[in-house]
Ligand code: PMP
Ligand code: GLU
């Protein structure tokens, strides 16, 4: 992290997004003519469905080109209410929905809305890279609950309770999880809910952006438990389910008070998100789940492919993730080894850079997700790219001595 006196303490204390940094480094190598396979950024490698693109073109022709209401067009928010009811069995009113510039902004808005300086935010590790940094921006304090391969990267109710202090304001998690793919079952969620029932001042941010990429069960939302629903801030968006990462469309469903606060914050910072993207979002939800299910089929096949290839690499340990499109294999057996030029691999950051520079495969270090013994691979890439990437990784790792 570089610090200067020109910039605020706030920005000086913030780390660069590791997912975006590794993607940038990969692009820079590729620009030099090197054939780099990117397994770093987590985004579907599919195109946005045609009916969604058509809706965006029509939106332009229909002159949806002006400022939108700050929390989103009412008919988009109504479509979200309908989706939450039909797909998740959850009841919300449109006054409880705020649409933002991606789920990333939704999360950031919520953290800024809830967290005072010094408030604690409990985050199970590994977590998505931006969670802890959003807490830094809000001048809160992250309290991490460690998990590992042996617990399938999930926390228990006892671990949750042990992490709670009088300063705890928020608990924040994703299921299916980025980066581990872990999915909490209804019973596991219920056990956590029993703890939250005892602590009525804790708010729960439930990031469900990967809900449809779940290979084991139907998606279970923690917002289904009435005893705590008012304190749940549900995060979702269109990036993963509809291959719409560039459109920047996400939302929250929350209590009216929290939704109104997010609306106020957004009204002073970004205003409503892109009008055309919002019209496209309506078409995405109206079109149903056909395209999502097609993507899921491809992800299921690739998951098995990568699992088999990873298990064929000496020194790597992995589980079979239940959801999302990432593997988070343990790589600590390579720490302490040297690359062919004699450089020591001390941690996951060194290993990820080695794999990029020598193997020409972009991954992300586990340290940025809160656990340095691992690296993250996105398998949202073609079967051919994945096969070649895993071949390169195996070859590069075999050169470490
Ligand atoms: N949450 C998680 C867990 C994610 O992986 C992502 C992907 N970047 C986001 C939120 C944000 O998604 P977006 O801003 O593209 O809607
Ligand atoms: N969610 C993706 C990832 O984790 C997108 C990149 C980002 O916004 O961090 O790679």
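The values are calculated or read from the model by the stated rules, or taken from the named source; none is laboratory data. None of the values given here were measured: they were computed from a predicted structure. Positions of Cβ are generated from backbone atoms using ideal geometry, with glycine treated the same way; all protein chains shown enter the neighbour counts.
Can you go through 323, 315 and tell me which one is within 16 Å of ligand 2 (Cβ to nearest atom) and modelled with pLDDT of 95 or more? Break it down stepwise before answering.
Working: 315 fails: within 16 Å of ligand 2 (Cβ to nearest atom).
When all the criteria are applied, what remains is 323.
Residues of the stretch 263-283 include at least one that is free of Cβ contacts under 8 Å to residues at least 12 places away in the same chain, away from ligand 1 (no atom under 16 Å from the Cβ) and either within 30 Å of residue 191 (Cβ to Cβ) or over 21 Å from the mean Cα position of the chain (by Cα) (or both).
Highlighted here are the strands (runs of 3 or more DSSP E) found entirely within the stretch 61-166 that include at least 1 residues which are touching a residue at least 12 places away in the same chain (Cβ under 8 Å) and buried (at least 22 other Cβ atoms within 10 Å of the Cβ): 97-100, 120-124.
Here residue 219 fulfils each of the conditions (1) within 16 Å of ligand 1 (Cβ to nearest atom); (2) assigned to a helix (DSSP H, G or I) apart from (2). Does the stretch 169-181 contain at least one residue that is more than 16 Å from ligand 2 (Cβ to nearest atom), farther than 24 Å from residue 18 by Cβ and touching a residue at least 40 places away in the same chain (Cβ under 8 Å)? Among the residues of the stretch 169-181, at least one is more than 16 Å from ligand 2 (Cβ to nearest atom), farther than 24 Å from residue 18 by Cβ and touching a residue at least 40 places away in the same chain (Cβ under 8 Å), which makes the answer yes. Hey, does the stretch 239-250 have a residue that's in a strand (DSSP E or B), under 22 Å from the mean Cα position of the chain (by Cα) and within 24 Å of residue 325 (Cα to Cα)? Scanning the stretch 239-250 turns up at least one residue that is in a strand (DSSP E or B), under 22 Å from the mean Cα position of the chain (by Cα) and within 24 Å of residue 325 (Cα to Cα).
Return yes or no: is residue 207 within 22 Å of residue 254 (Cα to Cα) and within 15 Å of ligand 1 (Cβ to nearest atom)? Yes; evaluated as a whole, the condition is true for this residue.
As for the stretch 2-13, it holds no residue that is surrounded by 15 or more Cβ atoms within 10 Å (Cβ to Cβ) and under 26 Å from the mean Cα position of the chain (by Cα).
Filter the stretch 126-176 down to residues that are within 15 Å of residue 14 (Cβ to Cβ), within 16 Å of ligand 1 (Cβ to nearest atom) and in contact with a strand residue (DSSP E or B) (Cβ under 6 Å, 6 or more places away or on another chain), then give me how many there are. Total meeting the criteria: 4. Contact annotation: no residue pair with Cβ atoms under 6 Å, 6 or more positions apart or on different chains, pairs a residue in the stretch 23-47 that is under 16 Å from residue 179 (Cα atoms) with a partner that is more than 16 Å from ligand 2 (Cβ to nearest atom). Look at residue 42 and say whether it is touching a helix residue (DSSP H, G or I) at 6+ places or on another chain (Cβ under 8 Å), within 16 Å of ligand 1 (Cβ to nearest atom) and at pLDDT below 95. Against the criterion (touching a helix residue (DSSP H, G or I) at 6+ places or on another chain (Cβ under 8 Å), within 16 Å of ligand 1 (Cβ to nearest atom) and at pLDDT below 95), residue 42 qualifies. Restricting 142, 100, 106, 95 to residues that are farther than 23 Å from residue 189 by Cβ, modelled with pLDDT of 95 or more and within 20 Å of the chain's Cα centre (by Cα) narrows the list to 100.
Out of curiosity, is residue 227 surrounded by fewer than 24 Cβ atoms within 10 Å (Cβ to Cβ) and more than 9 Å from ligand 1 (Cβ to nearest atom)? When the stated conditions are applied, residue 227 passes them.
Taking only the stretch 230-258 into account, find how many residues are away from ligand 1 (no atom under 16 Å from the Cβ) and either crowded, with 24+ Cβ neighbours inside 10 Å or without any contact (Cβ under 8 Å) to a residue 12 or more places away in the chain (or both). Explain how you work it out, then say what you get.
First, the residues of the stretch 230-258 that are away from ligand 1 (no atom under 16 Å from the Cβ): 230-231, 255-258.
Checking the rest, the ones that are also either crowded, with 24+ Cβ neighbours inside 10 Å or without any contact (Cβ under 8 Å) to a residue 12 or more places away in the chain (or both) come to 257.
Summing the residues that are away from ligand 1 (no atom under 16 Å from the Cβ) and either crowded, with 24+ Cβ neighbours inside 10 Å or without any contact (Cβ under 8 Å) to a residue 12 or more places away in the chain (or both) in the stretch 230-258 gives 1.
If you go through the stretch 1-52 and keep only what is in a loop (DSSP other than H, G, I, E, B) and within 13 Å of ligand 2 (Cβ to nearest atom), you end up with 15, 16, 17, 39, 40, 41, 42, 43, 44, 45.
Could you please let me know if residue 179 is in a loop (DSSP other than H, G, I, E, B) and touching a strand residue (DSSP E or B) at 6+ places or on another chain (Cβ under 6 Å)? Don't jump to the end; show me each part of the working.
On the way: in a loop (DSSP other than H, G, I, E, B): yes; touching a strand residue (DSSP E or B) at 6+ places or on another chain (Cβ under 6 Å): yes.
Yes: the conditions hold for residue 179.
Scanning the stretch 311-345 for residues that are within 14 Å of residue 148 (Cα to Cα) and within 16 Å of ligand 1 (Cβ to nearest atom) yields 321, 327, 328.
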